[in-house]
């Protein structure tokens, strides 16, 4: 069923930002309507958020290069969702204007745990049963998920058919080829797909529970393992990117400088699930940047990675980009660490505000979390920024970290005072503005802190009050994360398959767009847990190191022994340091050539 925009123009005229739903973006590739396989890249958040995501463009490109069709769909805002549901118009893709129910596969990108109810929202609008069991044996698309949250897909396991774990540049299209070869979503298709690196089929794994409710085993003949792109320089990357119809979160071209991080901060899930570091070469990145600027007309290129300042050829890359990009194009380096900040890197950026993430106020606590940054380095980086024209600094910290004390929190004030002193050493035209943002620590899977408990509401409120008292200073603003949101994220991050019932019940009670404060329905989520007889505290408690975790059957390449060693070092206050300084034996050298220094771009 093709949706004609003329047939819904009366709806488009009544909703906010109708350009979200029309398609026809400048530079968008029209997928072949007669392709042997049709894939819809579904992003369970608003258009302007999804169109800023580079990962989904890479996934779509991998299908297009195989000769398959790849289209996009984003979660419609509630006003449009209500209108099309009332009119009996199914949710459709943007380019083909095709009902989602007519695709061979719908792939949801899970960037954030609080998007889970939006998966059900989009399936409902498409007329597709939410639960896998209700789709079995019927002519519905294969429902797949991928992205960072897919390393623990169990909370959504009852809704999905396939989970892509790790780098999806090739395995997703490999699954499409299997689908075509097997003549559809047959039992043979699922079994052969489950044997591929990077694929997990929830229906083929049974979770066993003990009488006390804890997991006591997993039954499956398949062992899911993370897909890892060995050679990033030769990996799929789109040569052009569509320009959104309305302002997006990031209105710029984006290139991925490298994947992974050398640092190993013990709280950071991305730093572990994207290991090892793989780089793109200067020539490749220059070619990609020039192609994107030529095809989009943007005037800014963002050099993305978890820690762009650690890219070994950054100076050479900046020189190459400045020499080859049109005059006036600026470069954005959004992920410079404090100890890799160089004023030369920031010269071309808009000197509005610089962001640093010390994460903890005291050196003791930074050592605990393996944030190998000193107070002197923080102040030195700020001083360098001030000297080239910056007059505003954003500082990111966490509270509720393992071993944290009140003195560690008070030390945040000391860092603020030192930065203010550094700014005052020379006459400045503007007053300094310091923004301090504090988030609540959430223990995440596949990190050394995956066993830790999450701080209670009372503890968090006391810590926030302490910081409010400490940072009541002229020129300093303090913001903090909402506790309910952080707790819900923590529950979903470390949840098991039983949470599928809670997510579905929350959706039935009206929950969607839970990552947006104006939509988050605390009462409905609380009632959903009560209705399902599940206490969320069982997911935020401390776990024993010998306890089976919901994600333990997934092999991410990092050994559990390594994570335990890192946790022990945290409690000893010992810094492991960067992978650049030497291998810390996480286990990846056994499975990935890039971890052994191969495919390193000089």
task: Express the relative contact order of the stretch 473-602 as a whole percentage, based on alpha carbon pairs under 8 Å and six or more residues apart in sequence.
output: 19
The chain, relative contact order [Cα under 8 Å, separation at least 6], %: 14
query: Between the stretch 134-162 and the stretch 505-536, what's the alpha-carbon centroid distance in Å?
result: 21
field: Förster radius 25 Å - calculated FRET efficiency between residue 230 and residue 575 (Cβ-Cβ, nearest 0.05)
entry: 0.30
task: Express in nm, to one decimal, how much length is gained between residue 186 and residue 437 on full extension, taking 0.36 nm for each residue of separation and deducting their alpha carbon distance.
output: 85.4 nm
- prompt: For residue 206 and residue 65 in the same chain, what is the full-extension length gain: residue separation times 0.36 nm, less their Cα-Cα distance, in nm?
  reply: 47.2 nm
task: Could you give me the percent of Cα pairs per 5 Å distance bin for the stretch 355-408, shortest bin first, beginning at zero and ending with the bin that holds the maximum distance?
output: 4, 19, 29, 20, 14, 9, 4, 1
message: Using a 7 Å offset from the Cα along the Cα-to-Cβ direction at both residue 19 and residue 87, what is the distance between the two label points in nm, to one decimal?
response: 2.0
- request: Pop the C-beta distance of residue 430 and residue 220 into the FRET formula with R0 = 56 Å and round what comes out to the nearest 0.05.
  value: 0.40
- line: Output ordering of 554-562, 243-251 (per-residue mean of other Cβ within 10 Å, highest first) is 554-562, 243-251
Exposure proxy order (Cβ contacts within 10 Å, fewest to most) of 516, 480: 516, 480
field: Label-to-label distance, nm, for residues given as residue 477 and residue 461 (7 Å Cα→Cβ offset)
entry: 2.6
message: Please state the shape class of the stretch 30-103: rounded when a/c is under 1.5, otherwise prolate if a/b exceeds b/c and oblate if not, all from the C-alpha gyration tensor.
response: oblate
message: Distances longer than 27 Å among the Cα atoms of the stretch 5-219: what percent of all pairs is that?
response: 30
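Which order do 149, 532, 470, 216 fall in if you start with the one that has the fewest other Cβ atoms within 10 Å?
On the way: 149 25, 532 17, 470 20, 216 13.
Ranking 149, 532, 470, 216 by Cβ neighbours within 10 Å, fewest first, gives 216, 532, 470, 149.
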In nm, spacing of pseudo-spin labels at residue 330 and residue 526 (7 Å Cα→C-beta vector): 4.5
- prompt: Which value, in Å³ per residue, describes the convex hull spanned by the Cα atoms of the chain?
  reply: 157
query: Where the centre of each part is set by its Cα atoms, how far does the stretch 438-464 sit from the stretch 1-58, in angstrom?
result: 38
task: Could you calculate the FRET efficiency of residue 453 with residue 270 from 1/(1 + (r/R0)^6), where r is the beta carbon distance between them and R0 is 30 Å, rounded to 0.05?
output: 0.90
- prompt: What number, rounded to the nearest 500 deg cm²/dmol, is the helix-based mean residue ellipticity at 222 nm of the chain, given -39500 (n - 2.57) per DSSP H run of at least four residues and division by all its residues?
  reply: -9500 deg cm²/dmol
message: How would 17, 371, 138, 518 line up from fewest to most surrounding beta-carbon atoms within 10 angstrom?
response: 518, 138, 17, 371
- request: Rank-order 50-62, 227-239 by packing density, defined as the average count of other C-beta atoms within 10 Å over each peptide's residues, highest first.
  value: 50-62, 227-239
task: Rank by packing, highest mean first: peptides 64-74, 184-194, with packing defined as the count of other Cβ atoms within 10 Å averaged across residues.
output: 64-74, 184-194
- request: Considering Cα pairs under 8 angstrom that are at least six residues apart, work out the relative contact order of the stretch 5-219 and quote it in whole percent.
  value: 17
task: Would you mind calculating the gained length between residue 355 and residue 177 on full extension (0.36 nm times residue separation, minus the Cα-Cα distance), in nm to one decimal?
output: 59.7 nm
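Readers should treat all values here as calculations from the given coordinates under stated rules, not as data from a laboratory. Worth saying up front: this structure is predicted, and the values here are computed from it rather than measured. Cβ sites come from the backbone with ideal geometry, for glycine too, and all protein chains shown count toward neighbours.
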